[in-house]
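Peer 1: What follows is a structure written as structure tokens; I'll ask about it next.
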Amino acid sequence: MEKKIGFIGLGNMGINMAKNLISEGYHLQVYNRTLSKADELDPSQITKCPTPADAAVGVSIVVSMLSEDEILRESVTGDHGILKTLQPNAVHISMSTISPELAVELATAHQKAGSHYLASPVFGRPEAAAAKKLFICVSGPQQIKDLAKPVLECLGQAIHDFGEETGAANVVKITGNFMIMASMEMMAEAYTLAEKSGLDRVQVANFFGSTLFNAPIYQNYGKLIANKQYEPVGFKAKLGYKDARLAFKLSQVSETPLPLVNAVHSRLLSAVAKGMGDRDWVEGFGRGVSEDAGV
């Protein structure tokens, strides 16, 4: 029997995730605001849909990869949202970076409609999505995780369970992105300091990435920052700024002082204000620090 699921959101991450699901034998009912993006997918394995509601017709699972809270809310609860057509007991797997408050709101809306919601944000850039190397975080009822598992296993290298509280995985995602942003700011400052002191910033980055900071973030982002390599765009600065806002909001709601959140928030706000919102967030940190230092 044909495996058919809905898929909403074909951005830099979503398009690669969709390709992987197709390679695993799934037929996708796809919706994207710019529907021509679906032309990158095997036409025999997709059905293009004019609305999110159409993408949810007759399937037991819908995957969404949408970048903003408001866009996701509209795609779920709006006039043409998936709750208009999603069948009873179907599962919506939400895989983007959103606020935990919205996750709880959508889980409640799904429950009232007789369907289910699973928080399932991911860590990894588009190249990791293409290679099925995403780290997937989940939170929600165990039976819903079990239903979603076959789909999630097609998309990542590991699934990490953070319990049954709906927004828990979203908190993990926000805190993780905060640490990535803080690390990029730190590396940009350190490598610029080395450069201004007469050292080869690439050599310095290679040293730290293979010794004291021998970890993927410092190796991969460190290489991009050290080489001032800002293309191709993997994750836009305006989306990084959105994540910084989520981290700042979470710090306020939980009454947790986070001085570094203020720093990365300002760095990415500066990038957006300078017209770099559609550039890679690595450039927001790397070029931003270099410009501050007159390099």
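Peer 1: Report, in degrees rounded to the nearest 10, the 0 to 90 angle that the Cα long axis of helix 281-292 makes with the longest principal axis of the chain.
Peer 2: The angle comes out near 20 degrees.
Peer 1: Another question about this same structure. Which residue fluctuates most in the GNM of the chain (Cα springs below 10 Å): Gly234, Gly275, Gly163?
Peer 2: Of Gly234, Gly275, Gly163, the most mobile in the Gaussian network model is Gly275.
Peer 1: Let me ask you something else. Kindly give Rg over Rh for the stretch 156-295, based on alpha-carbon atoms, with the Kirkwood expression for the hydrodynamic radius.
Peer 2: Rg divided by Rh gives 1.00.
Peer 1: Accessible area of the chain with a 1.4 Å probe: how many percent of it is carbon plus sulfur?
Peer 2: Result for the chain: 55 percent of the exposed heavy-atom area is carbon or sulfur.
Peer 1: Also: Send over a whole-number figure in Å² for the accessible area per residue of the stretch 96-151, probe 1.4 Å.
Peer 2: On the way: 2130 Å² over 56 residues.
On a per-residue basis, the stretch 96-151 sits at 38 Å².
Peer 1: Is it possible to state the helix-based mean residue ellipticity at 222 nm for the chain, with each DSSP H run of 4+ residues giving -39500 (n - 2.57), the sum divided by total residues, to the nearest 500 deg cm²/dmol? What is it?
Peer 2: Numbers: 12 runs with 141 residues, N = 295.
Mean residue ellipticity at 222 nm (helix-derived): -15000 deg cm²/dmol.
Peer 1: Give me a comma-separated list of calculated 3J(HN,Hα) values for the stretch 122-130, in order, Karplus coefficients 6.51, -1.76, 1.60 applied at θ = phi - 60°, integers in Hz, x for any Gly or Pro.
Peer 2: For the stretch 122-130, the Karplus-derived couplings read 10, 10, x, 7, x, 5, 5, 4, 5 Hz, x marking Gly and Pro.
Peer 1: For helix 237-253, report the angle its Cα long axis makes with the longest principal axis of the Cα atoms of the chain; keep it between 0 and 90° and round to the nearest 10°.
Peer 2: 80 degrees
Peer 1: Over the stretch 194-265, what is the mean sequence separation of C-alpha contacts under 8 Å (at least six apart), divided by residue count, expressed as relative contact order in percent?
Peer 2: Computed over the stretch 194-265, the figure is 20 percent.
Peer 1: Follow-up question, since we're still on this one. Taking only Cα atoms, what is the 0 to 90° angle, nearest 10, from helix 14-23's long axis to the longest principal axis of the chain?
Peer 2: That helix lies at roughly 50 degrees to the long axis.
Peer 1: Put one equal scatterer on each alpha carbon of the stretch 222-293, apply the Debye formula with no solvent term, and list log10 I(q)/I(0) at q = 0.14, 0.22, 0.24 1/Å to two decimals.
Peer 2: Results for the stretch 222-293 at q = 0.14, 0.22, 0.24 Å⁻¹ read -0.43, -0.91, -1.01.
Peer 1: Give the residue from His265, Leu106, Tyr218 lying farthest towards the positive end of the charge dipole for the chain; charges sit on Cβ (+1 for Lys and Arg, -1 for Asp and Glu) and the dipole is referred to the Cα centre.
Peer 2: Ranked along the dipole, the leading option is Tyr218.
Peer 1: Please report how far the C-alpha centroid of the stretch 205-281 lies from that of the stretch 2-21, rounded to the nearest whole angstrom.
Peer 2: Cα centres, the stretch 205-281 to the stretch 2-21: 26 Å.
Peer 1: What fraction, in whole percent, of alpha-carbon pairs in the stretch 21-149 exceed 19 Å separation?
Peer 2: 48 percent
Peer 1: Further question on the same structure: Hey, what's the Kirkwood Rh for the chain if you take every pair of different alpha carbons, in angstrom?
Peer 2: For the chain, the Kirkwood estimate is 19.9 Å.
The values are calculated or read from the model by the stated rules, or taken from the named source; none is laboratory data. Note that the structure is a prediction, hence the values are computed from the model and not measured. With ideal geometry, Cβ positions are generated from the backbone for all residues, glycine too; neighbour counts draw on all protein chains shown. Areas reflect the complete protein model, heavy atoms only, side chains present, ligands, DNA and RNA absent. Shrake-Rupley method; radii C 1.70, N 1.55, O 1.52, S 1.80 Å.
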